[in-house]
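Everything below concerns the one structure shown next.
The values are calculated or read from the model by the stated rules, or taken from the named source; none is laboratory data. None of the values given here were measured: they were computed from a predicted structure. Neighbour counts run over all protein chains shown; Cβ positions are idealised from the backbone, glycine included. Please note that ligands, DNA and RNA were not included when accessible areas were found on the heavy atoms of the full protein model with its side chains. Shrake-Rupley method; radii C 1.70, N 1.55, O 1.52, S 1.80 Å.
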Amino acid sequence: MTPGSPRAEPPAAGRAGRLALRALARIGGGVLVLWAVATLTFFALRLIPGDPAQALLGGPGSQASEEALAAVRAEYGLDQPLLAQYLRQLGRLATGDFGSSYALRTEVAPLLLSQLGGTLLLAVLALAAGWVLALLLASWSTRGGRVGERIGSALEVVGAGLPHFWLATVLILVFSVGLGWLPPISTPGPLGLVLPVVTLAVPLAGFLGQVMRESLLDALEAPFALSARARGESEGGVRRRHALRHAALPGVALSGWAFGYLISGAVVVETIFARPGLGRTLLNAVTERDVPVVVGVVLLVALAYILVTVVTDIAARILDPRVPA
Amino acid sequence: MSALDVRAAAPTGAVRVRRAARAGAGEWLALAFLAFVVLAAVAAGLLAPADPLAIDPANAFDPPSLAQLFGTDESGRSIFARVVHGAGTSLLIGVAATALGLGLGTALGVLAGLGGRFVDFGVNRLLEVLFALPGLLLALFLIVIVGPGTLTTTLAVGLSTAPGYARIVRAQLLTVRAAPYTEAATVLGVGWWRKLRRHILPNTLAPLLALGTLGVGQAIVWASALSYLGLGAVPPSPEWGAMLAAGRTYLSTAWWMSVFPGLFIVLTAVSGTVLGRGFQRRTRSR
C-alpha cells in the first residue's frame, strides 16, 4: 500500500487494541505449545532403555549398590507412578525448577541462564548481519539487469548451501591460519565475534536473499510502483520508499524460522570456535546423556521461539497495513 | 530514467516465465555434478580404484598433486578415494531422510487438508509444537533417546524436515481444492473419490518433486553436521562430515583434509538447489 493512497484507515486506537488482543491470544497459544513440548519430552525420555537411577549414579559401569540406587529413586521420585512423576515434573517446570545436571551436579536453570547471553548475542548479531547482507544483495542484483540477477542468484544459492562447519573451517584457514588477522577461537571481545557471526550470517543471508529478491522483483512490477514512477518519483525513490518494504515482508515472516536455524547453527559454531553458550552446553549434555540439561535447553529454545514468532507476527501486521489486525 | 524506459528494461512477467523454461548453463553443471555423485555412490571403484581404507604411513599428509588429486590424510589414505567412496553414505542418508520427511509431511498435510475442521486443527497444533523444536535440536534430542549413529541421523533429519513439508502440502491442497478446475469437476458431478484421485492429489503432489530435490541437499548438509559433531557416522568410515571432523586436528598443516570433503557437500547442496528451483520454475510456468 503506497503512503497517502485513498483508503479509509480504521481508527489507530482500534487497530492497536486488536493487535494487543491478538498478541495475548498468541501468547496463550504459546503456553499450550510449551506444555505440549514439556509433555512430549517427558514421555519420550521414558523410552530411553536402562534405569534412570543408574544413569544418575554414573552409568552402567559405576556398579552402584542396590541401597544407593533405591536412595536415588526416592530422591528423584522415580519409585512413584508415571502420572505422579509427570505432574511433579510439570509443577517443577512451571516454577522454573529444571532439576539438576547429572554430569555437572549443579542446578540446570542458573547454568542455562549463564549461557543464554552469549548465544543470544551471537544470534542477534548474525540475524542483523544476515538481514543487511540479504537486503544489499537483493537490491544490488535487481539493479544490474540480467547479469546482476544471475550473479546475485548464484551467490544466494551458494551461500545457502554452505554448511556452517565447512564455512567456519575455511574462514579459520584464510583469516587465522593464513593471514593471522582474527583469532581461530572465540576470544572475549569484538574481534573474537567476527568469524562466528560471519559463519552464521552468510548461509542465512543466502536463504533470506532468495526470498527477498523474488518479492522485490514482484514489487517493482506491481501497479503501485508504476503509479509512483508515473508521479515522477525517481527509480531510487520507488525502491527506497515502496519496494524495499515489500521485500522485507517475507523476511520478517521467516524470522521464526531464522531463529531456529541460528540456534541449530549455534551448536556447530560454538563448538568450532570454542565459544561458551547454549549450543555448546547442549552438545556436551547430549554426548554425556545429561537428560535434565537437554530438556532444559529444549524448553528454553521452544519458549524463545514462541516469543520470536509472536513478536514477528505483530511486527508484520504493523509493517503491512493490508493484513487485518 | 523515465518510467517508460524502466518498464521496458525490467523483464515483464511473460518474458521471465519464457526465460525460466530454458535450462541454463547452471542447471547443466548441476546435473553433471549430481550425475558424478550418483555414479560415485553406485560404482565408487570405477572412479577411484584406490582403497579408501588402505593405510600407507610413508605417504601421510601428501599435498594435492597429479598422483594424489586431493592429497592424503594422516594415515596416507587417498582423500579423493575417500570422498568418492563416501558419496554413497552421504547420498543415501540425504535421500532416505528426505523421503521420510516428505512422506510424513505429505501424510500430515493431506490429513489436515482433507480431514475436516477438527483434524486440521489438531494437525496444526502438532505442527506448531514440532516447529518450536528447531531442526538440529530435535535431532539432538532424538540422539539422547536412541543413541548416536547413521540410522538415528537419518531419522532425525527426516523428522525435523517433516513439519515444513506438511505445511506446504496442506497449503497447496487447500489452493487446489478451491481452484476453478476442481469447482468445475464438482459442478459436472464428478464423484468425491474420483475428484480426489484425478484432480486434487496429482496437482497437490506435483510440486513435491522440486521440493524433494531441494531437500536432499539440505538433508546432506544437516546429516554431515551431525557427523561432524561426532554423533553420526564415525571414522574411519569415509563419510563427508566425519572426514571434515578428522581433518580439524590438522587444519594448520593439511588444509586439503578439510577443504575437499566440505567442497563436495557444498556442491551437492548447491546442485540440488539449482535443479530443484529449475523444476519449480517449470511447474509454475506451465
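Data for the structure
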| read-out | value |
| --- | --- |
| Qualifying position, being more than 14 Å from every other protein chain (Cβ to nearest Cβ) and free of Cβ contacts under 8 Å to residues at least 24 places away in the same chain, among B:Arg177, B:Arg170, B:Arg197, B:Arg248 | B:Arg197 |
| Number of the exception - B:Leu229 against (1) touching an Asp or Glu at 6+ places or on another chain (Cβ under 8 Å); (2) more than 16 Å from B:Phe70 (Cβ to Cβ) | (1) |
| Test: residue in region A:258-274 that is at pLDDT below 80 and out of contact with any His (no Cβ under 9 Å at 6 or more places or on another chain) | no |
| Residues of region B:135-153 satisfying the condition of being in contact with a Leu (Cβ under 7 Å, 6 or more places away or on another chain) and more than 9 Å from chain A (Cβ to nearest Cβ) | B:Thr152, B:Thr153 |
| Test: residue in region A:181-190 that is assigned to a helix (DSSP H, G or I) and not hydroxyl-bearing (Ser, Thr, Tyr) | yes |
| Qualifying position, being more than 8 Å from chain B (Cβ to nearest Cβ), crowded, with 18+ Cβ neighbours inside 10 Å, under 30 Å from A:Leu217 (Cβ atoms) and without any contact (Cβ under 8 Å) to a residue 40 or more places away in the chain, among A:Leu171, A:Leu167 | A:Leu167 |
| Residue list for region A:121-148, filter: under 30 Å from A:Thr95 (Cβ atoms) and open to solvent by 80 Å² or more (accessible area, probe 1.4 Å) | A:Leu121, A:Val124 |
| Residue in region B:158-174 that is farther than 30 Å from B:Gly230 by Cβ and in contact with an Asp or Glu (Cβ under 9 Å, 6 or more places away or on another chain) present | yes |
| Index of the failed condition, A:Arg289 passing every other in (1) modelled with pLDDT of 85 or more; (2) closer than 19 Å to B:Ile145 by Cβ; (3) not in a helix (DSSP H, G or I) | (1) |
| Complete set of residues in region B:225-241 that are within 11 Å of chain A (Cβ to nearest Cβ) and closer than 22 Å to A:Arg280 by Cβ | B:Ala225, B:Leu226, B:Ser227, B:Tyr228, B:Leu229, B:Gly230, B:Leu231, B:Gly241 |
| Close pairs from region A:227-242: first in contact (Cβ under 8 Å) with a residue 40 or more places away in the chain, partner assigned to a loop (DSSP other than H, G, I, E, B), Cβ under 7 Å, at least 6 apart | A:Ala228/A:Thr2; A:His242/A:Thr2 |
| The lone exception for A:Pro203 - which of (1) part of a loop (DSSP other than H, G, I, E, B); (2) within 11 Å of another protein chain (Cβ to nearest Cβ) it fails | (1) |
| Residue that is farthest from B:Asn124 (Cα to Cα) [pool: residues in region B:145-182 that are of a type in the set (Ser, Thr, Tyr) and more than 20 Å from the chain's Cα centre (by Cα)] | B:Tyr181 |
| Hey, B:Ala219 within 11 Å of chain A (Cβ to nearest Cβ) and of a type in the set (A, V, I, L, M, F, W, C) or not | no |
| Leading residue by the ranking (farthest from A:Ser255 (Cα to Cα)) among those in region A:175-202 that are modelled with pLDDT of 80 or more and in contact with a helix residue (DSSP H, G or I) (Cβ under 6 Å, 6 or more places away or on another chain) | A:Leu195 |
| Enumeration of residues in region A:92-108 that are more than 15 Å from A:Val291 (Cβ to Cβ) and open to solvent by less than 40 Å² (accessible area, probe 1.4 Å) | A:Gly96 |
| Top-ranked residue of region B:7-49 - restricted to ones that are facing chain A (nearest Cβ under 10 Å) and modelled with pLDDT of 60 or more, ranked as least open to solvent (accessible area, probe 1.4 Å) | B:Ala30 |
| Total residues in region B:183-208, condition assigned to a loop (DSSP other than H, G, I, E, B) and either within 14 Å of the chain's Cα centre (by Cα) or surrounded by 15 or more Cβ atoms within 10 Å (Cβ to Cβ) (or both) | 2 |
| Number of the condition not met by B:Leu267 [criteria: (1) open to solvent by 60 Å² or more (accessible area, probe 1.4 Å); (2) more than 16 Å from the chain's Cα centre (by Cα); (3) farther than 27 Å from B:Val146 by Cα] | (2) |
| Candidates B:Leu211, B:Leu263, B:Leu275, filtered to the one that is of a type in the set (A, V, I, L, M) and either facing chain A (nearest Cβ under 9 Å) or not in a helix (DSSP H, G or I) (or both) | B:Leu263 |
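Residues are listed down the side, and each one gets a yes or a no for (1) hydroxyl-bearing (Ser, Thr, Tyr); (2) surrounded by 19 or more Cβ atoms within 10 Å (Cβ to Cβ):
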| site | (1), (2) |
| --- | --- |
| B:Asp51 | no, no |
| B:Ser65 | yes, no |
| B:Phe70 | no, yes |
| B:Gly86 | no, yes |
| B:Gly101 | no, yes |
| B:Phe131 | no, yes |
| B:Leu138 | no, yes |
